[in-house]
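S.K.: So that we are looking at the same thing, I have put the structure below in structure tokens.
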Amino acid sequence: MTLSLNLPASDGSSADYRLRGEPLARPSSPPSFNRIAYAAAHVVSDPMRDANPWNSPAIDWDTTMAFRHHLWSLGFKIAEAMDTAQRGMGVDWAVARELIRRSLADARTVQGADLACGAGTDQLSPDEARTLQDVIDAYETQIAFVEGEGGRSVMMASRALARVARSADDYQTVYNAILSQTREKVILHWLGDMFDPQLAGYWGASAFEPALETVLAIINDNKTKVEGIKISLLDEAKEVELRKRLPEGVLCFTGDDFNYAELIEGHGGRYSHALLGIFDAVAPSASKALAHLAAGETQAFRETLEPTVPLSRKIFEAPTQYYKAGVVFLAWLNGHQNHFTMPAGMQSTRGIVHYADIFRLADQANVLDMPELAVERMQSALQVYGL
């Protein structure tokens, strides 16, 4: 049966759209990859208990955890409580702490399951941060919690540090202080200001080259404590430059949701591992593609993953920080949750034409797992907007 529905376009018109995608089969067991692949996972709100969603959002813990099991079943590691989980945009440290605790506990029940947990300074308001020691104390609290629960940390970029730091030396002071005391290796986190405008000038510079020198100095001073660095600048050339200058044994994790396919494939023996929010939304496709790559089937890798790139570029289009709405929209279309609401009402950050574009591109990328359900839910979304 051919499925179709009437979808709006940016010029104010609308037209029938006929679906043509094919859902991907699931692997019978978690596949093995030759790249480390973290999927940054979203959280599921609980609209029946969400009395104060802007300030104190309720979380549906059962559905949130079920989604983590979905990702593990596809072979992914999970980047937990990161910006995809709305850290600092609806999810505060109190909620993140519970999310980390639950995910680490669940991982111990799943053979091969692994995760790294976002540790930042978001219990410290940037407006209240006065000194570098305030930032150090906040990082220490969160990393101590993660390690106390048996986890490993992604040292998230800090809005408070961006506010109080006056030079590259200040960043080195904070990072060296934290890395000198961690028990486990840490993944560093270079998040561009397109993802969070409050991080403008991070590493003590607005230009890439001096920021890169500061990052490399921190890594070289702490090589035994740094597993790798996630770089999210949406600029392939900058990631390649960082990648080629990393010391041996320190990994580059792409966070480039525009260019991930070619960065993961690599060139000349150099490649990036992955820590990506888009893997939440296109997990079956990414899993299949990475399994092809591990088997040496480069063309099949490209044919599977490259169709997801236009979809990702739409989801992550400016204002990029609102990409979480598109990720959760696809989770709803694909039946991973029974509603399209988000902590802090973030579903309102994108308009219906944007969601219609996501629907089309998801179908064309074979990302709609249950097309009939997706059409039914897209029609209900259109009705909310009077269409």
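S.K.: Please compute the Kirkwood hydrodynamic radius of region 93-200 from all pairs of different C-alpha atoms, in Å with one decimal.
M.R.: Values: mean 1/r = 0.0693 Å⁻¹.
Mean inverse Cα-Cα distance, inverted, gives 14.4 Å.
S.K.: Right, here's the next one. Go ahead and estimate [θ] at 222 nm for the chain from helices alone: -39,500 (n - 2.57) per DSSP H run with n ≥ 4, summed, over the residue count, rounded to 500.
M.R.: Numbers: 15 runs with 163 residues, N = 387.
It lands at -12500 deg cm²/dmol.
S.K.: Can you find, among Leu333, Ile352, Met370, the residue farthest towards the positive end of the dipole of region 289-387? Put +1 on the C-beta of Lys and Arg, -1 on that of Asp and Glu.
M.R.: Working it through, the farthest residue towards the positive pole turns out to be Ile352.
S.K.: Roughly what % antiparallel, to the nearest 5, for the DSSP beta bridges in region 151-283? The partial results should precede the final answer.
M.R.: Working: 1 of 15 bridges.
Roughly 5 percent of the beta bridges in region 151-283 run antiparallel, per DSSP.
S.K.: If you only keep lysine pairs separated by 8 or more in sequence, or across chains, how many in the chain come under 27 Å at the Cα atoms?
M.R.: Final tally of qualifying lysine pairs is 28.
S.K.: For Lys230, what accessible area in Å² do you get when you roll a 1.4 Å probe over the heavy atoms of the protein chains, rounding to the nearest 10?
M.R.: My reading of the accessible area for Lys230 is about 10 Å².
S.K.: Sort 313-320, 212-219 by the packing proxy (mean of other Cβ within 10 Å over each peptide's residues), most packed first.
M.R.: So the peptides 313-320, 212-219, ranked by packing, come out 212-219, 313-320.
S.K.: Determine, for each peptide in 13-19, 159-165, 124-130, the mean count of other beta carbons within 10 angstrom over its residues, then list the peptides with the highest first. Could you put the intermediate results ahead of the total?
M.R.: Numbers: 13-19: 12.1, 159-165: 22.1, 124-130: 14.7.
So the peptides 13-19, 159-165, 124-130, ranked by packing, come out 159-165, 124-130, 13-19.
S.K.: Let me check against my output: what whole-number percent is the relative contact order of region 120-176, with C-alpha pairs under 8 Å and at least 6 apart? Present the calculation step by step, with values, prior to reporting the outcome.
M.R.: Numbers: 53 pairs, mean separation 27.4, N = 57.
RCO, region 120-176: 48 percent.
S.K.: Nearest 10 degrees, 0 to 90: what angle lies between the long axis of helix 236-245 and the longest principal axis of the chain (Cα atoms)?
M.R.: On a 0 to 90 degree scale, this one is about 40.
S.K.: OK, next. Inverting the mean 1/r over all pairs of different Cα atoms, compute the Kirkwood radius of region 258-300 and quote it in Å.
M.R.: Working: mean 1/r = 0.0919 Å⁻¹.
One decimal place: 10.9 Å for the Kirkwood radius.
S.K.: Another question, then. Can you give me the relative contact order of the chain as a percent, contacts being Cα pairs under 8 Å and 6 or more apart? Show your work: numbers first, answer last.
M.R.: Numbers: 692 pairs, mean separation 77.0, N = 387.
Once normalised by length, the contact order is 20 percent.
S.K.: Along region 270-285, what does the Karplus equation 6.51 cos²θ - 1.76 cosθ + 1.60 (θ = phi - 60°) give for ³J(HN,Hα), rounded to whole Hz, x for Gly and Pro?
M.R.: The phi angles translate into 10, 8, 9, 7, 10, 9, 10, x, 5, 5, 4, 7, 10, 3, x, 5 Hz.
S.K.: Also, I was wondering about something else. For region 1-128, what is the charge dipole size about the Cα centre, in debye to the nearest 20, if Lys and Arg each add +1 at the Cβ and Asp and Glu each add -1 at the Cβ? Please report the intermediate quantities before stating the final value.
M.R.: Details: 12 positive and 16 negative charges, 132 e Å.
Result for region 1-128 is approximately 640 debye, rounded to the nearest 20.
S.K.: Something else: Once phi is turned into ³J(HN,Hα) by the Karplus curve 6.51 cos²θ - 1.76 cosθ + 1.60 with θ = phi - 60°, what whole-Hz value does each residue of region 125-139 show in order, with x for glycine and proline?
M.R.: Calculated HN-Hα couplings, in order: 4, x, 5, 9, 6, 10, 9, 4, 5, 4, 5, 4, 4, 5, 4 Hz.
S.K.: Starting at 0 and stepping by 5 Å, how many percent of the alpha carbon pairs of region 151-250 end up in each bin?
M.R.: Taking all Cα pairs of region 151-250, the binned fractions are 2, 13, 26, 27, 21, 10, 1 percent.
S.K.: Let me ask something additional. Consider all pairwise Cα distances in region 9-110 and report the whole-number % of them above 17 Å.
M.R.: Working: 3195 of 5151 pairs.
In whole percent, the share of Cα-Cα pairs in region 9-110 beyond 17 Å is 62.
S.K.: May I pose another question? What does the charge dipole of the chain about its Cα centre add up to, to the nearest 20 debye, if the Cβ of each Lys and Arg holds +1 and the Cβ of each Asp and Glu holds -1?
M.R.: Details: 35 positive and 49 negative charges, 100 e Å.
The dipole of the chain has a size of about 480 debye.
S.K.: Any idea what the dipole of region 116-271 comes to, in debye rounded to 20, about its Cα centre with Lys/Arg Cβ at +1 and Asp/Glu Cβ at -1?
M.R.: Values: 15 positive and 26 negative charges, 78 e Å.
Computed charge dipole of region 116-271: roughly 380 debye.
S.K.: Tell me the Kirkwood hydrodynamic radius of the chain in angstroms, computed as one over the mean inverse distance between distinct C-alpha pairs. Working shown, then result.
M.R.: On the way: mean 1/r = 0.0471 Å⁻¹.
By the Kirkwood definition, the hydrodynamic radius is 21.2 Å.
S.K.: Taking the dipole about the Cα centre of region 40-186, with the C-beta of Lys and Arg at +1 and of Asp and Glu at -1, give me whichever of Ser56, Pro126, Met156 is farthest to the positive side.
M.R.: Value: Met156.
S.K.: Considering all alpha-carbon pairs of region 136-184, what whole percent are spaced by more than 16 angstrom? If you can, show how the numbers build up before the last one.
M.R.: Numbers: 433 of 1176 pairs.
Beyond 16 Å sits 37 percent of the P(r) for region 136-184.
S.K.: Would you compute, for the Cα atoms of region 317-387, the largest minus smallest coordinate along each principal axis and list the three values in descending order, in whole Å?
M.R.: Principal-axis extents of the Cα atoms in region 317-387, largest first: 29, 25, 23 Å.
S.K.: Let me ask something additional. Pairs of alpha-carbon atoms within less than 8 angstrom and 6+ residues apart define the contacts here; what relative contact order does region 216-356 have, in percent? Write out the running numbers ahead of the final one.
M.R.: Details: 166 pairs, mean separation 22.6, N = 141.
That works out to 16 percent.
S.K.: I've got another one for you. Cβ neighbours within 10 Å, averaged per peptide: list 185-191, 231-237 in order, most packed at the top.
M.R.: Numbers: 185-191: 22.1, 231-237: 19.0.
My ranking of the peptides, most packed first, is 185-191, 231-237.
S.K.: Additional query: Which whole-angstrom value gives the distance between the alpha carbon centres of region 10-60 and region 229-296?
M.R.: Value for the Cα centre distance between the two parts: 21 Å.
S.K.: Taking every DSSP beta bridge that has both residues in the chain, what percent is antiparallel when rounded to the nearest 5?
M.R.: On the way: 7 of 34 bridges.
Around 20 percent of the beta bridges assigned by DSSP in the chain are antiparallel ones.
The values are calculated or read from the model by the stated rules, or taken from the named source; none is laboratory data. The structure displayed is predicted, hence computed values, not measured ones. Neighbour counts are summed over all protein chains in view; Cβ atoms, including those assigned to glycine, are modelled from backbone coordinates with ideal geometry. Surface accessibility is based on the protein's heavy atoms, side chains included, excluding ligands, DNA and RNA. Shrake-Rupley method; radii C 1.70, N 1.55, O 1.52, S 1.80 Å.
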